Amino acid sequence: IFFRSHPSDYEMLISAVTVLGKWNVPLFLEVWGEVAPHDKLRLQFLMHSSLDILEEKVRASGGQLDPFLGQLLADEDSRTFGYVTNNKIKLIIVTTADMQDQSSLRRVFQRLNDYVVVAICNPFYTVDAPISSKDFSSKVESLCTSAE
């Protein structure tokens, strides 16, 4: 867990982001910070486990759904949050903070969605191919490492 100057002042730290296509094809997956290899694997497992909950929320909504799905899953260190775009692209973020006020995270998802739209609307982008744009990666990293 990362702290500010005092252990009681939690910082919203985004540990990982994944973008999944309409058919759950991984388009982008990034983990930040100094993470041990087994923790990286744990974060990936957490994101994939969250996908089941995300799919269930989407199915149960009958199509009338706020794109921001809120918290999907939590373990002792991390929480996953989900977002589904109009074209069924799924965004999952893993944070290390307990998010009581999720409005800042909602804004992060909206910006992330904007970045995804720009990346997939690129005429050189192949549908359901991993997003390999360096510009996209740097924008996402900047957004997620500066989010508070």
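The values are calculated or read from the model by the stated rules, or taken from the named source; none is laboratory data. Computed from a prediction, not measured in an experiment: that's the story for all the values here. A quick note on method: Cβ atoms are made from the backbone with ideal geometry, for glycine too, and the neighbour counts reach across all protein chains shown. Calculation scope for accessible area: heavy atoms of the full protein, side chains included, ligands and nucleic acids excluded. Shrake-Rupley method; radii C 1.70, N 1.55, O 1.52, S 1.80 Å.
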_Where Rh is the Kirkwood radius over Cα pairs, Rg/Rh for the chain_ = 0.95
*Determine the distance separating the Cα centre of the stretch 129-148 from the Cα centre of the stretch 48-68; give it in Å without decimals.*
24
*Compute the long axis of helix 134-146 from its Cα atoms, compare it with the longest principal axis of the Cα atoms of the chain, and write down the angle in degrees, 0 to 90, nearest 10.*
30
*Taking a 1.4 Å probe, which of Asp128, Asp101 shows the most accessible area, and what order do the others take after it?*
Asp101, Asp128
*Could you state the accessible area per residue of the stretch 14-140 in Å², with a 1.4 Å probe and every protein chain left in place?*
54
*May I ask you to give the percent of accessible area on the stretch 14-140 that is carbon plus sulfur, with a probe radius of 1.4 Å?*
53
*Going highest first, how would you order 75-87, 37-49, 13-25 by mean Cβ packing within 10 Å?*
13-25, 75-87, 37-49
*Distance in nm between label sites at Lys88 and Val25, each 7 Å beyond Cα in the beta-carbon direction?*
1.3
*Relative contact order, percent, of the stretch 14-140 when contacts are C-alpha pairs under 8 Å separated by at least 6 residues?*
26
*Determine the gain in length on full extension of the stretch Ala74-Ala36; use 0.36 nm per residue of separation and subtract their C-alpha separation, reporting nm with one decimal.*
11.7 nm
*Mind running the shape call on the stretch 51-124? Use the C-alpha gyration tensor, a ≥ b ≥ c as the square roots of the eigenvalues: rounded below 1.5 for a/c, prolate if a/b tops b/c, oblate otherwise.*
oblate
